[in-house]
1. Among B:L180, B:F122, B:V248, pick out the residue whose Cα is farthest towards the positive end of the charge dipole of chain B, where Lys and Arg carry +1 and Asp and Glu carry -1 on C-beta, about the Cα centre.
2. Residues with amide H under 5 Å of B:L91's amide H, sequence separation 5 or more or different chain, H placed in the peptide plane at 1.01 Å from N; which?
3. Filter the GluC sites (Glu not before Pro) in segment B:250-323 to those in DSSP coil with at most 12 other Cβ atoms within 10 Å of their Cβ, and list the result.
4. Run the helix sum for chain B: -39,500 (n - 2.57) per DSSP H stretch of 4+ residues, divided by residue count, reported at 222 nm to the nearest 500 deg cm²/dmol.
5. Using DSSP to call loops (not H, G, I, E or B), can you name the trypsin sites (Lys or Arg not before Pro) in segment A:133-183 whose Cβ has at most 14 other Cβ atoms within 10 angstrom?
6. Return the FRET efficiency for the residue pair B:L299, B:F160: r is the Cβ-Cβ distance, R0 is 51 Å, and the value is rounded to the nearest 0.05.
7. ³J(HN,Hα) across segment B:189-198 via Karplus (A = 6.51, B = -1.76, C = 1.60, θ = phi - 60°), whole Hz, x for Gly/Pro?
8. Counting just the Cα atoms, what span does segment B:123-196 cover along each of its three principal axes? Round to the nearest Å and put the largest first.
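Each value in this text was obtained by applying a stated rule to the coordinates, not by laboratory testing. Note that the structure is a prediction, hence the values are computed from the model and not measured. Don't worry about glycine lacking a Cβ; one is built from the backbone with ideal geometry, like all the others, and counts go over all protein chains shown.
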Amino acid sequence: MAELSAEVRGTGAAVLSTQGLSRNFGGLAAVRDVSIALHHGELHAVIGPNGAGKTTLVNMLSGALAPSAGRILLADRDVAGEPAWRMSRLGVGRSFQRTNIFAPLSVLENVRLAVQAVRDGLNPLKRADCQPDLVTQAEASLARVGLVDLSNRDAGTLSHGEQRQLEIAMALAGRAKVLLLDEPLAGMGVEESQRMVQLLRALAREHAVLLIEHDMDVVFAVADWMTVMAEGSVLAEGKPAAIRANVDVQEAYLGEAH
Amino acid sequence: MIDVASEAELAPRSRSHRLLLAFGAVLLAVLPFGIPEFYTGLVTTGLTAAMLALSLQLLVGCTGLVSLGHAAFYGLGAYTVYAITPADHALSLVLTLPAAAAVAGLAALLVGALSLRTRGFFFLMVTLAFGQMVFFIFHNTKLGGGADGAYLMRPTLSLFDWQLPLTRRQRPLAYYYVSLILLMAMYLGLLLLLRSLFGRVLAGIRVNEQRMLALGFNTYRYKLAAFAIAGLLAGIAGHMYAMKEGFVNPELVGWHRSAEALLMILLGGLATLSGPIIGALAFTAIGEVAQLITERKLLVEGLVILLVVLTLPKGLSGGLSGLAAPRWPPPWLPRRPPPSRPPAETPRHG
């Protein structure tokens, strides 16, 4: 671990970081003393076996879960324990491991709600159909993930891969600075995965991205920085090349998988 | 032709549906001239019930909040008329109606602020508890005439010194039209509300509240606003009850009334704004017919509702629009299950 702290990080300053973050469920320490930093312009992949605490970590960063201990710093402000809606308004967007959309609403309406959610100064009594700037921004977000042609479809009728793309569009629509993407490629076909990888690369240039992913080919292809978790703690962190060479990691995770 | 956004709005979805509703409104407008006087009073009772059910629909059908204490605000609206009317002379509707709405709305704001901290089943129980609290206040104290209720001077249709000259026989007709106008205003107002940015947030909360929170909506505030508006509208309904009957009693507040309002929504249809109105009118009619043919009114009501819910999953309003635009195969025919989705997680590498 000593070599890692000496390594030079990606571009930009830390946008979101944690210090000694922990979360217990009863007697189980799901996340233990995790300190990580997300930088602008960097894709930070978090890997680890099932039950390593990756999703719990994302749930804390997005405000869905309050930490048991530790700090979450968003531009030097401690935001640990803030509710999910406020984290989103502070610029932390997320997608979910299990597709989580508004199935009976149209694709456009799904994203339009995401735009509306973080916009201040709207008159809530105005007609929803007559908000061109909200719609424009929603459409831009849909274009980004390649769903703009399906705007008028009910979200529930999209294919699984398209629904995953819609998840990303909703996370983008809020103009987040930090994107927390929990297995965005889960259940996707090969072609869809390739498109998603392109998108992830593009997103990492403009955001601080935290990516949870099981597909090691994808992770090593897109990650600028990696954190390996096991049993709730950080096992190792560093550049992908260093992680690949790390003996502990190979034993704990990569070894058993490959 | 299906409007993309109407799923969220609970608005009429097709031209034939809209025509049917317009026809219903015109029918209600001319109805008193074609029926005996007694039935005018009965339909007025139905219109009052429709206002109550419609106000509750803002919570149940629009926001996905099932409350069992909604009659508390209905009753508070009625009791407000009793409380502010002096014993020796009547007050103007211009005064009593806003007062009833304000008292019920403020009470709903208070009850909502506390009960909306819970969800699902617990919300149901907490609203029930609040409703019963209000019931026992009126039932066990002398505030509103106690368990027997109390008579009151009916509000008049007057403005300052001018009063609409009404003979005793014209009065029921006046109550009928005031109720009808208020109900229509309520329906159109809610239609506009659900079309607004606020209404879309309510739809989002109904479909997936956790996702709305993750997007950045403070859903508590939106639910509280909806709860307060629904309470205010229920207060207006309660006011019209007091005005028509000239009488209030604790039964107005009890949970039976709340459950009845839920049944009306179920009968009329959860997925439309017109459903509760149709349901309330049908419920009132069923009750009347049941009383004519049997002594077991509740049993007949129950059986009819059961029958409707089993045969028309979308309620009477869904059934009616089905009549206007027949579909084949009919929705009650068993269908093949939709093709299954790929599983959410398929690890392709270890």
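1. So the residue we want is B:F122.
2. B:T156
3. Details: sites: B:E251, B:E260, B:E288, B:E295, B:E301; in loops: B:E295.
Here the GluC sites (Glu not before Pro) that fit, given the DSSP loop and packing criteria, are B:E295.
4. That calculation yields -22000 deg cm²/dmol at 222 nm.
5. A:R175
6. Details: r = 51 Å, r/R0 = 0.99.
After rounding to 0.05, the efficiency reads 0.50.
7. Going residue by residue, I get x, 5, 4, 5, 4, 6, 7, 7, 4, 4 Hz, with x marking Gly and Pro.
8. Result for segment B:123-196: principal-axis Cα extents of 44, 42, 23 Å.
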